[in-house]
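The values are calculated or read from the model by the stated rules, or taken from the named source; none is laboratory data. Given the structure is predicted, the values throughout are model-derived calculations rather than measurements. Glycine gets a Cβ as well: all are built from the backbone with ideal geometry, and neighbour counts include every protein chain shown. Only protein heavy atoms, including side chains, enter the accessible area calculation; ligands, DNA and RNA are left aside. Shrake-Rupley method; radii C 1.70, N 1.55, O 1.52, S 1.80 Å.
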Protein chains: 2
Amino acid sequence: MALKPGNPPPDTGDEDIIEPLCAVFRRSLREEGLKYTPERAQILDSIIELDGLFEAEQLLEEVKSKGFRVSKATVYRTLKLLEDSGIIQRVLFDRDQSHYQLAYGRRGNTLLVRVDTGEVEVLELPELVALRDALCKARGLKPEGHRLQIFATSTK
Amino acid sequence: MALKPGNPPPDTGDEDIIEPLCAVFRRSLREEGLKYTPERAQILDSIIELDGLFEAEQLLEEVKSKGFRVSKATVYRTLKLLEDSGIIQRVLFDRDQSHYQLAYGRRGNTLLVRVDTGEVEVLELPELVALRDALCKARGLKPEGHRLQIFATSTK
DNA sequence: CTTGGTGCAAACATTTTGCAGCACA
DNA sequence: TGTGCTGCAAAATGTTTGCACCAAG
């Protein structure tokens, strides 16, 4: 079975990140012999602007609304690069399309999804990480990351 | 935002289920004024045969290999019905297509995915359920289900 | 020049849908 | 005779790719 789960959410530490994302991206690109182009910068800027969960189409809108002319192809290509850099991650909780979110320097693998309103909250659950690590250890496995989505509605 | 996360994994209890799945399916269909047709029976049988994670195409193969002639459209339509009945659930951990698994009478929402071999183990984590419930309660929310995927590799 | 980047449109893969015919109450 | 079910093929969706042209070292 050939699984392509997207990059499993990177297990970055808890350290605060102060380096601007564009620098991270640029460095990551350079390491691959790739270029930090205006389009790529604009896309990253727009992602930061969106500040939360977003989908490709939405990102394209955002980029265009800022007066930049970037094609859909470039958006998708850049998303892949950003994922490779660990700056964003795919979320995969919607059956219809991929969602993404900023991931660099975070553990944004745990989401609380309010199914009635559509709100999504990013959680931090050290207990879950502990649970996961113990569980892997018991099986002789090395944890590479995880994804949790909790679905809930208002009790009212 | 209109989220369609697929049915959140149903929060069935821990009771052992003895009623055959076909009976569950038939009842569920009848409740909707729908029919338990040979095609639907064959598809459910094949799912039981597959016994684990599967994707639509794979299921279609299985059905055909048993000598039944069922169209792709019917497979997809039946998958949706089975999901509505709570008999199967979408898994959503692969970026390319939906995976499904039997869900009835289980809490199969927690998967341990071995990214190197592609093996997938279904886990039962009462601690996670407790954690989730506490967390929702603290926010005045009613938990409707969850999905967890843990990614790991062999420590070798 | 050579390498990589872009936009466009076409290609893709999975899933959904419109429609004509069929089956059974 | 009506309601639902099926297969087929066409459509729809999100994503990827081929290609011609552009830009920078």
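Please give the per residue accessible area of region B:31-156, computed with a probe of 1.4 Å over protein heavy atoms only, in Å².
On the way: 5920 Å² over 126 residues.
Here the per-residue accessible area is 47 Å².
Averaged over its residues, how many other protein chain Cβ atoms are within 10 Å of peptide B:124-131's Cβ atoms? Working shown, then result.
Working: counts 0, 4, 0, 6, 7, 0, 1, 6.
Partner-chain Cβ atoms within 10 Å, mean over residues of B:124-131: 3.
Using R₀ = 45 Å, calculate the FRET efficiency as 1/(1 + (r/R₀)^6) where r is the Cβ-Cβ separation of residue A:84 and residue B:48; round to 0.05.
Efficiency for this residue pair is about 0.70.
One decimal, nm, shortest first: give the distances between the label point of residue B:49 and those of the same position in the other copies, each label point 7 Å from Cα along Cα→Cβ.
Result, one decimal in nm: 5.4.
Each residue of region A:41-53 in turn: what ³J(HN,Hα) in whole Hz from Karplus with 6.51, -1.76, 1.60 and θ = phi - 60°, glycine and Pro shown as x?
5, 5, 5, 4, 4, 5, 5, 4, 4, 4, 6, x, 6
Roughly how much accessible area, to the nearest 100 Å², goes out of reach of solvent when A and B pair up, both sides summed, probe 1.4 Å? Intermediate results must be reported in sequence, preceding the final value.
Numbers: alone 9960 and 9940 Å², together 15590 Å².
Looking at A and B, the buried total is near 4300 Å².
Please compute the volume of the convex hull spanned by the alpha-carbon atoms of region B:23-156 and report it per residue in Å³.
Working: hull volume 18.9 nm³, N = 134.
Looking at region B:23-156, the number lands at 141 Å³ per residue.
Which residue in chain A puts its Cβ closest to the axis that rotates chain A onto chain B, and at what distance in whole Å?
Spelled out, residue of A and its Cβ distance from the axis onto B: A:148, 2.
Name the residues of region A:135-156 whose accessible area falls by at least 40 Å² when all protein chains are present instead of the chain alone, probe 1.4 Å?
Correct list: A:135, A:139, A:141, A:142, A:144, A:147, A:148, A:149, A:150, A:151, A:153, A:155.
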